[in-house]
Structure formats: C-alpha cells, structure tokens
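To keep things clear, I will list the structure first and then write my remarks on it.
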Amino acid sequence: MNTNENLIIECLNELNKNALAKQKYKDYYEGNHSILKSYQMQDSRSNMRLVFNFPRKFVDNETGYILGKPVNYISKSDDSAIIYAIDKNTSHWDKEHNINLRKQSEIYGEAYELNYVKTEGEFSANNTYTFECLCF
C-alpha cells in the first residue's frame, strides 16, 4: 500500500471529526461532569453538588493494574534478533507510551498508534485519540 501525504491528512481529518463525538468521555475523565453545568437549583432541597471523579479513578486504577509490570514481547518463530530489535528501538519511550495508549483506550473505548521513523533514524510512535498534538 502506498502511503502518501493526502492519505495521512484524510485519516487525521477522520480522527478529528470522530473526536468531537467523544468529547463527553474526555470531559468526564477530566472531572467536567454534566451535573456541574446543568444542575437545576430548587428551594425544596439542598443544592449542594458533590462530585467524585469515578471515571478518572477507574481509568487510572485499571491502567495501573494492567500495566503494573512491563510489557514483554515474545517471538513465535524463536527469533531472538527480532526481540532484541524491538527492545532496542522502544526502550527510550516504551513504558510511558504503553501507559498512555492504554489510558486512551480506557477513556475513549479505542486508541490509535502512529509509528514512524524520525529524520535522525530513530523509531518512535505517538498515541492519542485525536493526534492534535502530533508534530513532524
């Protein structure tokens, strides 16, 4: 498959279009619950609003539980050179990258990973739901 700039831009536009529909998930994770914006004040009851951010607690606990130990790779063909290459090329960002990818997956129900080689020849990847912070 030929990958060109137009295809990448089309994919990014599709992600950003879908991100608008997922904004509610991000708001809940960040503690911007709808009850804080659309609460009907009444004289017949207390109007105190106490909100505990259960979505953030659940996502952070689940991510910590699943990735509490480092991710290990194994080769189905018993090729140790492949495992060595993966470890060598991902060691500079692997742990934080996996945590962020899993967290995005928990918040939005899906996550995407973009793998690329920097101009210096170093392998890297970016993961986010919208790729709005991706800079080349």
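Of the residues examined, Ala85 is one that is under 17 Å from Tyr116 (Cα atoms) and more than 15 Å from the chain's Cα centre (by Cα).
Looking across region 1-20, the residues that are of a type in the set (A, V, I, L, M, F, W, C) and modelled with pLDDT of 75 or more come down to Leu7, Ile8, Ile9, Cys11, Leu12, Leu15, Ala19. Set side by side, the residues Asn47, Asn4 differ, and just one is polar (S, T, N, Q) and either within 21 Å of Asn127 (Cα to Cα) or in contact with a helix residue (DSSP H, G or I) (Cβ under 9 Å, 6 or more places away or on another chain) (or both), which is Asn4.
Residues are listed down the side, and each one gets a yes or a no for (1) among the charged types (D, E, K, R); (2) in contact (Cβ under 8 Å) with a residue 12 or more places away in the chain:
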{"position": "Glu30", "(1), (2)": "yes, yes"}
{"position": "Arg45", "(1), (2)": "yes, no"}
{"position": "Ser75", "(1), (2)": "no, no"}
{"position": "Ala85", "(1), (2)": "no, no"}
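Restricting the search to helices (runs of 4 or more DSSP H) fully inside region 21-136 and requiring at least 1 residues that are of a type in the set (Val, Ile, Thr), at pLDDT below 80 and surrounded by 15 or more Cβ atoms within 10 Å (Cβ to Cβ) gives 80-90. Here are Leu12, Leu7: which of them is touching a residue at least 24 places away in the same chain (Cβ under 8 Å) and among the aliphatic types (A, V, I, L, M)? After applying the criteria, what remains is Leu12.
The values are calculated or read from the model by the stated rules, or taken from the named source; none is laboratory data. This one's a predicted model, so the numbers in the text were calculated from it and none came from an experiment. All Cβ positions, even for glycine, are placed from backbone atoms using ideal geometry, and neighbour counts span all protein chains on display.
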